[in-house]
Protein chains: 2
Amino acid sequence: MQRIKLTISYDGTNFNGYQVQPDERTVQSELEKALERIHKGKLVKVTASGRTDRFVHAVGQVIHFDTDLSIPPDKWGRALNTLLPEDILVLDAEQVAADFHARFDAVRKEYRYKINLGLLPDLFKRNFEYHYHYPLDVRKMKKAAAYLLGTHDFTSFSSAKSEAEDRIRTIYSIEIIEEKDAITFQFVGNGFLYNMVRILVGTLLEVGNGKRDPDSIQKLLEAKDRRLAGKTAPGHGLYLWRVEY
Amino acid sequence: MQRIKLTISYDGTNFNGYQVQPDERTVQSELEKALERIHKGKLVKVTASGRTDRFVHAVGQVIHFDTDLSIPPDKWGRALNTLLPEDILVLDAEQVAADFHARFDAVRKEYRYKINLGLLPDLFKRNFEYHYHYPLDVRKMKKAAAYLLGTHDFTSFSSAKSEAEDRIRTIYSIEIIEEKDAITFQFVGNGFLYNMVRILVGTLLEVGNGKRDPDSIQKLLEAKDRRLAGKTAPGHGLYLWRVEY
C-alpha cells in the first residue's frame, strides 16, 4: 500500500463544489470515478486539504489517497489526466509517508480573488473573475486589511453555516495587487473558515467603495457577528492557489 | 428607419458557429431572438462582416440591422446586453448610413490565433487557446509567413468546402508574437477565405516544428491545392479580432 499526494487544478464553473454529494457533479466524485476505473472497480476514497464551494476554482488543491497498485508515483498524473474530464488537471503526483494527511498536515494556505474593475465584463474571463465596476480606494482597503493580519477569532467573517468550533485563525499576509482595471487579493494563512475569504473580500470592497471605514474592522472582529460584515463575494472570482505542508 | 452598426464580442465555445442553422444555438440566432423581443415579435435580420465557425471567438465582430424603433443609438448596447446570453456582449452601437453594409464595406479584417506551448494546458484557457506542446522555430515561421504577404490566390489555404469563386486575397501583415510558453499569430488582410486563417496557422506550425521548409510556401501557393497545405488548426484558438470600414 502506498499513499499518493496529488496537486490538482480545476475550473469550478461546472462543478457543484469539491465535495461528493448525491447526484451532483463534484470534483471529488470525478476524481474517485477515475481512480475506481484505474483500480478496476474498487472504490478509492480521496481526502482533500479542504473543500471548495460551487464555482470556486483551484490552481493548487492537494489531495491524498491510498493505493495497492504498483504504479510509479510519477505516472499517476498521466494515468489520471487521461481519464479525468477536461476541467480537472493533475499537475503533480508523489508518494508520501503513510501518515501524510492532506487536510491535517496543511500548515499554510493561499487563496486569491480576482476582480475586473472595467466598464464591461471580459467575456472570456466571465467565469474566472468578479466583474465589479465601482471606484475603489486601494489605500483604504490596505489599511483595513492590516487589522485582519495576525491571530483572531474570525467568527464575523465566517458563514453562519460553518461547523467549525474553533474560529481562531492566523492570517500571515494580505496583498492587494493593482493592475489596469483589475485587482487581485492574495490571502495567506494557516487556514480559513467556511466562506471566510469571500466575506473578507466582500467587506474589503465595501471599505474600498467608501461604505465602510477602514478602522471599523477592529470592532467588526471583536463583535464576532457575521451579520455585521460585508456581503459574501461571488465564488467564481476565488481560487485555492496553494497549500503548503 | 435607421440602420444600426454593432460591434460585438462572443465566446464561441457553446455556439454552433455564427450563422443561423435550424435547431442549433448560434450567435446570429441569439442576436435575432433578442432583437425580436425588443421589436415586440417582429423578425429583425442581422448581417455580419462574415461568419465564424464552431468554437471560434470574436473580440470585434461587426453586424448591422435596420430598425423602425426610435431608440437612441447609444442605448442599443445596454438594451441588447440585458437580453443576450452571457456569452455574447455588445461593445458598441452606432447609427450608420442606410447603405452601410457590414460585409461588403469591410476593408480590413484582423484575426488572431493563440497558442499555448507549455507542457500542460492552462485549464482556465482551455477553450481560448490551442495547446501545442512542440518546440517551434519562430525564425523559420516568420520566413515562411513572408511568402504569404501581399496578393495571392489562396486556394491552397482554403477549405475544399469554400464557395468563393474568387480566391484572391491580400494579406497586409502577419505578426508572430512570442511570450513565455505562448505564441500569438496576428493576420491582417482585406478578407479571408473559409478556414483560411486556421489552415495558414496549421501550415506555419508545420514549418515551425521542422516538418516543412519555409521556402516551400511559394510552391504551395502556386499549386492551388488544399491537400498540399497543413492541417486546419482547431477553432478554439481563433479570434475575429477587428473589422475596419
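Filter the stretch B:57-100 down to the residues that are within 14 Å of another protein chain (Cβ to nearest Cβ), surrounded by 14 or more Cβ atoms within 10 Å (Cβ to Cβ) and polar (S, T, N, Q), then identify the one that is nearest to B:Ala34 (Cα to Cα). Here the answer is B:Asn81.
If you go through the stretch A:132-158 and keep only what is within 16 Å of A:Gln186 (Cα to Cα) and in a strand (DSSP E or B), you end up with just A:Gly150.
The numbered conditions (1) surrounded by fewer than 19 Cβ atoms within 10 Å (Cβ to Cβ); (2) modelled with pLDDT of 95 or more; (3) assigned to a loop (DSSP other than H, G, I, E, B) are all true for A:Lys33 except (3). B:Arg103 falls short on exactly one of the conditions (1) assigned by TED's automatic domain parsing to the domain that holds B:Phe15; (2) surrounded by fewer than 17 Cβ atoms within 10 Å (Cβ to Cβ); (3) charged (D, E, K, R), and that condition is (1).
If you go through the stretch A:52-91, how many residues are in a loop (DSSP other than H, G, I, E, B) and not β-branched (Val, Ile, Thr)?
The number of residues fulfilling the criteria is 11.
Taken over the stretch B:208-220, the criterion of being farther than 17 Å from B:Ile183 by Cβ and buried (at least 18 other Cβ atoms within 10 Å of the Cβ) is satisfied by B:Ile217, B:Leu220.
Taking B:Ile4, is it open to solvent by less than 10 Å² (accessible area, probe 1.4 Å), within 30 Å of B:Leu136 (Cβ to Cβ), away from chain A (no Cβ under 13 Å) and not basic (Lys, Arg)? No, not satisfied. Note on the stretch B:101-131: residues that are part of a strand (DSSP E or B), within 14 Å of another protein chain (Cβ to nearest Cβ) and in contact with an Asp or Glu (Cβ under 7 Å, 6 or more places away or on another chain) amount to 2. Residue-level check: of (1) farther than 30 Å from A:Leu80 by Cβ; (2) assigned by TED's automatic domain parsing to the domain that holds B:Pro135; (3) more than 17 Å from the chain's Cα centre (by Cα), B:Leu69 misses just (2).
Considering only the stretch A:7-18, I want to know if a residue exists there that is assigned to a helix (DSSP H, G or I), under 24 Å from B:Asp122 (Cβ atoms) and open to solvent by less than 10 Å² (accessible area, probe 1.4 Å). So far as the stretch A:7-18 goes, yes, one or more of its residues are assigned to a helix (DSSP H, G or I), under 24 Å from B:Asp122 (Cβ atoms) and open to solvent by less than 10 Å² (accessible area, probe 1.4 Å).
The values are calculated or read from the model by the stated rules, or taken from the named source; none is laboratory data. If you're wondering where the values come from, they're calculated on a predicted model, not measured in any experiment. When we count neighbours, we look across all protein chains shown, and the Cβ atoms used for this are built from the backbone with ideal geometry, even at glycine. These area figures cover heavy atoms from the full protein model, side chains too; ligands, DNA and RNA do not enter into them. Shrake-Rupley method; radii C 1.70, N 1.55, O 1.52, S 1.80 Å.
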